[in-house]
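In what follows, a single structure is set out as structure tokens and then discussed.
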Amino acid sequence: MTNTPLDDPNILRRSDFLLPKGTIYMDGNSLGPSSLASNKATQDVLNNQWEQDLIKSWNVHSWIDLPKKVGSKIAPILGAAPDQVIACDSISVNLFKLLSAGLKINDERKIIVSEQKNFPTDLYIAQGLSELLGKDKCELKQVEKHEIEDALNDEVAILMLTHVDFRTGEMLSMERITKLAHQHGVLVLWDLAHSAGAVPLELDRWNVDFAVGCGYKYLNGGPGSPAFMYVSKRHLRHLKQPLTGWMGHASPFSFEPEYSPAEGIEKALCGTPPILSFAALDGALNAFEGLDMMQVRAQSNSLKLHFLATVTEILQTNPDLKLVTPEDEERQGSQLSFSHPHSYAIAQALIDKQIIVDFRAPDILRLGFTPLYLSHAEVEKAAKTLRNIVQDGSYLNAKYQTRNKVT
């Protein structure tokens, strides 16, 4: 490449992040990097709040309000009013809550429709709920992606989909699919794990019913960071989630023997929030203050195009390396995925050169394009390195063949 595109100074905030020197990080779609704000917030809880104020911190430092506070900071990233978003638990737990609640709301129906290649935990949770309730009350129907729309009918209670495919990076049309589902009286639950913080979202405007997402990918909240859930205000009054823990009670510290749910989104809570994890996520979200997600999207697309332009030759001359992400930008999330028989070894060879990417079975090489800390120059270097590794066959080195426990 002779001309490297310019980075948008309003988007690239590399100095806000704590990345190892010389590392090109292209795995924010799996785990976002640490940030100065997140580090500072966590240290403040450890060294000042917990150490100095002990249990008083629940009131003095408003620990008790962190799930709602963090949810309110996530809400604008989702295109949602703040009182509809709360941070809590994990995606898996929140899926269980919302699938159960959705079946209660649509109680004359029992079928949950999802895609066969959805992220496994989404399918596992629905399968577990079906076993718990019995197939006369809950039945999971898995279909191919091209069969989703035809599967919608007046017997389906909930459509559960992931907005951006974790393997291929393909992005579905949330607005169109939600509207189509509603024509059949179907509630829609979206998994935003690979889209929140990466692509523009308008959950309120698109009339989304429910959504879940995690805090540790594009939101950079750290490993095991709290997840979040969105419940449209039109459903909040009728929401009955099954994990009726004390933090979802209308008056948790009254210690009443009978459960009475909180009025608003707080009823989605269950147990005591993990304060250190919440502090890390709360700090990390400061990076999104003042950001226009449309500009983030435009810069991410620019990075992807520059990468593809640099690897075009190897894609044309090496048939083993194939782009599996749709070429249409409108159908792309913020990642590019390639298939290759030796994808795992290629990923390890890139990592060995401080270009951090990842692998997903059976043969997918994934690269994330997060413009908050990734530049066009870095993307170009990564693309040239990939090209060289594929051309010279260095990925065949024995040290790249042994798979780690976490791939």
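Values in this text are rule-based calculations from the coordinates and carry no lab data. Just so it is clear, the structure is predicted and the values come from calculations on it, not from any experiment. Heads up, the Cβs are rebuilt from the backbone with ideal geometry, glycines too, and the neighbour counts pull from every protein chain shown.
Structural remarks
- The distance between label points at residue 394 and residue 339 comes to 2.7 nm (points 7 Å beyond Cα on the Cα→Cβ vector).
- Between 0 and 90°, nearest 10: helix 174-183 axis offset from the chain longest Cα axis: 40 degrees
- In the range 266-398, Cα pairs under 8 Å separated by at least six residues give a relative contact order of 25 percent.
- Computing FRET efficiency as 1/(1 + (r/R0)^6) for residue 320 and residue 244, where r is the C-beta to C-beta distance and R0 is 51 Å, gives about 0.45.
- Secondary structure note: in the range 42-288, about 35% of the DSSP beta bridges are antiparallel.
- Model label sites at residue 19 and residue 254, defined 7 Å from Cα along the beta-carbon direction, differ in position by 5.1 nm.
- 22 Å Cα-Cα threshold exceeded, pairs from 104/233; 69/267; 179/217: 179/217
- Cross-link reach list, lysines versus residue 399, counting only Cα pairs under 25 Å and skipping chain neighbours closer than eight places: 21, 322, 353, 381, 384
- Loop GluC sites (Glu not before Pro), the range 303-333 (other Cβ atoms within 10 Å of the site Cβ: 10 or fewer; DSSP): 327
- Likely footprinting exposure, 88, 270, fewest C-beta neighbours within 10 Å first: 270, 88
- Among 255, 369, 338, a tally of other beta-carbon atoms within 10 Å of each Cβ gives an order, fewest to most, of 255, 338, 369.
- A viscosity of 0.890 mPa s and a temperature of 25 °C, combined with the Kirkwood radius over Cα pairs in Stokes-Einstein, give a translational diffusion coefficient for the range 42-288 of 133 µm²/s.
- For the chain, the relative contact order comes to 23 percent (Cα pairs under 8 Å, sequence separation of at least 6).
- Remark: the range 392-398, residue by residue, has Karplus-estimated 3J(HN,Hα) of 8, x, 5, 5, 6, 3, 4 Hz, where x stands for each Gly or Pro and the curve is 6.51 cos²θ - 1.76 cosθ + 1.60 at θ = phi - 60°.
- Bridgeable aspartates and glutamates around residue 40 (alpha carbons under 13 Å apart, same-chain partners fewer than 8 residues away excluded): 16, 282.
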